[in-house]
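K.L.:
Questions regarding the structure given below will be posed in turn.
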Amino acid sequence: MPDIRIHRHHQLGFARARELSRQWALEAARMYDLTCAVDAGSAIDRVSFKRAGVAGQLVVSATHFELTAKLGLLLGALRRSIEAEIGKHLDALLARESRSQVAAEQ
C-alpha cells in the first residue's frame, strides 16, 4: 500500500495532461533530485520516479492524475509534509493551466 496517494481530476484532455505530466517530471527532478522515466501509452501515461527513500508513479489520463509513492523509513516520518508539498506542486501546475485556458478564451 502506498504511503502517499494524491488524486486530481481535470478537464484538460489527454494531450495537454501528458504535456503537464512531462513538465511535472522535469520540475520534480530538479526540485527533489528525482530520477523520472515516462512510459507513454495510448490512453494512459505513467511517470515513474525514484530517489533514495522514495519510489512512485504519476498516472496520467484524459480525466485525472493519480500519484502514488512509497516512502522509506526516514522519509516516512515526514509523510504528511511531503504529501502536502507534492499536492501543492500539482495543484499549482493545474491552476496555471486553468489561468492559461481562461486567458486564451478571452
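Values quoted throughout were computed directly from the atomic coordinates according to the rules given, and no laboratory measurement underlies them. Only a predicted model underlies this, so the values are computations on that prediction, with no experimental measurement involved. Neighbour counts run over all protein chains shown; Cβ positions are idealised from the backbone, glycine included.
K.L.:
Of these, GLY56, GLY87, which one is touching a residue at least 40 places away in the same chain (Cβ under 8 Å) and part of a helix (DSSP H, G or I)?
P.N.:
Working: GLY56 fails: part of a helix (DSSP H, G or I).
Answer to the selection: GLY87.
K.L.:
Let me ask something additional. I'm checking my understanding of the structure. Among residues of region 62-83 that are surrounded by 14 or more Cβ atoms within 10 Å (Cβ to Cβ) and among the β-branched types (Val, Ile, Thr), which one is nearest to ARG16 (Cα to Cα)?
P.N.:
THR68
K.L.:
Filter region 8-23 for residues that are over 10 Å from LEU94 (Cβ atoms) and touching a residue at least 60 places away in the same chain (Cβ under 8 Å) and give the result.
P.N.:
Selection gives ARG16, GLN23.
K.L.:
I need the full set of residues from region 1-37 which are crowded, with 16+ Cβ neighbours inside 10 Å and either in a strand (DSSP E or B) or touching a Pro at 6+ places or on another chain (Cβ under 8 Å) (or both), in order please.
P.N.:
ILE4, ILE6, CYS36
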